[in-house]
Ligand SMILES: [Zn+2]
């Protein structure tokens, strides 16, 4: 019973629970220990137990940076004391740096970027954070990912992943003006993902390299343009062999022979799309009017039938 235990014993129960991976239980013990220490007037130990509680609270809410920041505040207030976390012992100062970097990681990765300027800013923040992980964490694994998720992650591998994200943000900042340059940044990102062991994200980056780097000639206006999906799009079309032959003179393709698709620059594509949409709406209105006329006729004949039935009953 926690009631008869000394605060030191309760603190130890917290450590034991943490070692077993029972985070909620550890949190409860640390909180109880902090309260008991406080009642005894032992401010230093109470603050220490409170610090442990704040650290363990991260486990329950590890996707939001809030838990990290409140733990950071508690851990910083401890000064340079050794902390016992699972099987590891770590200085509160070193842990504070790790917590701060992990919190920034969540914030920077979640930062919304839509405009080129926002993408550029995000790229810069990601790059700076990558450098901090590389220079400010020691060469042992990060303590919290190991403690909470049994993941062995070095600061260096965090730096790799953040650098890859940074290259992708850089690419997105450039794609509106210079899709070829954007493709080059995705190429760098691809290499970083491979180095980080993320084949899946490397493949995604590789497909961006292909589409952003691809150059075509617009079937309609003849403009040469690169950046598939952004500056030009493929449109389904029926192509005869003769039609295909006539388009062969250009160095850049105007159609994809394997899929019966032509390429249209964004300007031509959106003009055609908008015209088709306007026509579809007009057709729908015509149809609606015809249906309304028919509905009215049906309504009238039902009313007529009802009158006849009630006439027969009389
Ligand atoms: Zn065009």
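The values are calculated or read from the model by the stated rules, or taken from the named source; none is laboratory data. What you are looking at is a predicted structure, and each value in this text was computed from that prediction instead of being measured. Using ideal geometry, Cβ is built from the backbone for each residue, glycine included, and neighbour counts are taken over all protein chains shown.
Could you check segment 187-225 and list, in sequence order, the residues that are assigned to a loop (DSSP other than H, G, I, E, B), away from the ligand (no atom under 16 Å from the Cβ) and surrounded by fewer than 19 Cβ atoms within 10 Å (Cβ to Cβ)?
Within segment 187-225, the first condition is being assigned to a loop (DSSP other than H, G, I, E, B), and the residues that meet it are 196-198, 214, 218-223.
In the following step, the residues that additionally are away from the ligand (no atom under 16 Å from the Cβ) were identified as 196-198.
197, 198, listed by residue number.
If I ask for residues that are more than 23 Å from residue 67 (Cα to Cα) and without any contact (Cβ under 8 Å) to a residue 12 or more places away in the chain, which ones from segment 141-179 would you list?
178
May I ask you to say which residue of 279, 259, 300 is in a loop (DSSP other than H, G, I, E, B), away from the ligand (no atom under 16 Å from the Cβ) and surrounded by 10 or more Cβ atoms within 10 Å (Cβ to Cβ)?
Unique residue meeting the criteria: 259.
What tally of residues in segment 133-145 results from selecting those that are surrounded by 16 or more Cβ atoms within 10 Å (Cβ to Cβ) and under 14 Å from residue 160 (Cα atoms)?
Residues flagged as surrounded by 16 or more Cβ atoms within 10 Å (Cβ to Cβ) and under 14 Å from residue 160 (Cα atoms) within segment 133-145 amount to 3.
Select, from 13, 34, 62, the only residue that is under 23 Å from residue 88 (Cβ atoms) and not in a helix (DSSP H, G or I). Give the derivation first.
Working: 13 fails: not in a helix (DSSP H, G or I); 34 fails: not in a helix (DSSP H, G or I).
Criteria check complete, one pass: 62.
Kindly indicate whether residue 239 is surrounded by 15 or more Cβ atoms within 10 Å (Cβ to Cβ), away from the ligand (no atom under 16 Å from the Cβ) and in the same structural domain as residue 269 (by TED's automatic domain parsing).
So residue 239 fits the description; yes.
Can you pull out the residues in segment 242-251 that are within 16 Å of the ligand (Cβ to nearest atom) and surrounded by fewer than 15 Cβ atoms within 10 Å (Cβ to Cβ)?
250, the sole residue that qualifies.
Would you mind stating whether residue 233 is within 16 Å of the ligand (Cβ to nearest atom), surrounded by 10 or more Cβ atoms within 10 Å (Cβ to Cβ) and assigned to a strand (DSSP E or B)?
Spelling it out, residue 233 is indeed within 16 Å of the ligand (Cβ to nearest atom), surrounded by 10 or more Cβ atoms within 10 Å (Cβ to Cβ) and assigned to a strand (DSSP E or B).
Only one of these is in a loop (DSSP other than H, G, I, E, B), surrounded by 14 or more Cβ atoms within 10 Å (Cβ to Cβ) and out of contact with any strand residue (DSSP E or B) (no Cβ under 6 Å at 6 or more places or on another chain): 123, 130, 113. Name it.
Residue meeting the stated conditions: 113.
Each row is one residue, and each column tells you yes or no for (1) assigned by TED's automatic domain parsing to the domain that holds residue 263; (2) buried (at least 19 other Cβ atoms within 10 Å of the Cβ); (3) closer than 23 Å to residue 118 by Cα.
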| residue | (1), (2), (3) |
| --- | --- |
| 165 | no, yes, yes |
| 172 | no, yes, yes |
| 178 | no, no, yes |
| 185 | no, yes, yes |
| 227 | yes, yes, yes |
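I'm told residue 2 meets every condition in (1) over 16 Å from residue 143 (Cα atoms); (2) out of contact with any helix residue (DSSP H, G or I) (no Cβ under 7 Å at 6 or more places or on another chain); (3) at pLDDT below 95 except one. Can you identify the failing condition by its number?
Residue 2 satisfies every listed condition except (2).
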